Structure formats: C-alpha cells, structure tokens
Amino acid sequence: MTIALQYCHVTVNDPDESLGFYRDALGLEVRNDVASGGFRWVTLGSPDQPGLEIVLSEPHAGRSQADGDTLQELLTKGVLPMIVFRTDDLDATFERVRASGAEVLQEPVDQPWGPRDCAFRDPSGNLVRISQAPAA
C-alpha cells in the first residue's frame with residue numbers, strides 16, 4: 001500500500017492577488033480555476049511534482065458564515081499554518097520572490113538543523129518558507 005499527499009488548501013484573501021505570488025514569483029502552474037457560489041478555487045502545482053497540488057481559496061468559500069469569519073480572523077492575524085517549499089537553488093529562488101515585491105521575513109540562512117532557508121509572507125499574510133537541502 002502507498003499513500004501520498006495529493007493537495008492541501010491555502011487560505012487567501014484574493015486568489016488573483018495570490019496568483020502573483022504563487023504562480024508568477026514561485027513558478028507554480030495553474031491546473032484548475034473553478035468558480036462556485038460567488039467564490040473561486042485555484043489549483044496550482046509544480047511541473048516537477050505532477051501529483052501534488054495546492055488549492056487557493058477564500059476564507060468563506062464552501063464554509064458557513066461563522067467558520068469563514070473565524071478563518072478570516074486567523075488569516076488576518078497571520079497565524080495559519082506555514083507553507084514550506086523546497087528548491088534546488090535557494091539564492092536564485094529568493095531573489096526571484098523578493099523581486100516580485102513579496103514581504104521578506106528572513107533572507108537565506110544556514111539553519112542549525114540542516115537546511116538553508118528563507119521566509120516570506122504571501123499577499124494574504126501566510127508564512128511561506130523556502131528551503132534547500134544541505135550540500136552532501
């Protein structure tokens with residue numbers, strides 16, 4: 001038996017604004033764009049990992065008003081779980097994302113637990129870390 005992560009959701013305020021970060025700065029490709037009930041879900045993935053996707057959705061998409069309000073509050077506070085990407089060239093990825101205007105939280109640094117990584121906030125305030133495996 002095998003098991004693998006298929007997709008995960010990332011809550012964003014505005015899918016269009018978020019595409020500038022996830023598609024244009026990080027280089028993910030749009031796989032699906034679905035409108036439903038006044039909301040929209042955008043699925044993106046890496047060309048290097050065809051089976052793994054992230055889904056950008058607004059806080060109230062597919063949720064009750066109360067749940068959407070709670071999720072919006074957490075998003076506004078910046079306390080939703082972080083997203084961690086992996087790259088084979090952290091410095092080039094960092095420069096590309098920084099050039100997009102994304103908020104830099106941490107420039108590339110070698111971490112004591114192994115990887116070299118950096119951190120940004122996406123347009124909605126989500127913490128996004130990007131790491132590179134240590135040199136062998």
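Modelled this way, with points 7 Å down the Cα-to-C-beta line, the labels at A66 and V109 are 4.2 nm from one another.
Multiply the residue gap between A92 and E73 by 0.36 nm, knock off their C-alpha separation, and tell me the result in nm, one decimal place.
Values: separation 19, 0.36 × 19 = 6.84 nm, distance 3.37 nm.
Using 0.36 nm per residue and subtracting the Cα-Cα distance, I get 3.5 nm.
Here the translational diffusion coefficient of the range 37-100 follows from Stokes-Einstein with Rh set to the Kirkwood radius across Cα pairs; for 25 °C and 0.890 mPa s it amounts to 171 µm²/s. Using only the alpha-carbon atoms of the chain as identical scatterers, what base-10 log of I(q)/I(0) does the Debye formula give at q = 0.10, 0.16 Å⁻¹? The computed values of log10 I(q)/I(0) come out as -0.35, -0.86. Per the Debye formula with a single identical scatterer at each Cα and no solvent contribution, what log10 I(q)/I(0) holds for the range 1-67 at q = 0.23 Å⁻¹? Each listed q maps to, in turn, -0.98. At R0 = 35 Å, how high is the FRET efficiency between E29 and A133 if r is their beta carbon distance? Nearest 0.05 is fine. Efficiency, from the Cβ-Cβ distance: 0.90.
Laboratory data are not the source of any read-out in this text; all were calculated from the coordinates shown. Bear in mind the structure is a predicted one, so any value in this text is a computation, not a measurement. Note: ideal-geometry Cβ built from the backbone for every residue, glycine included; neighbour counts use all protein chains shown.
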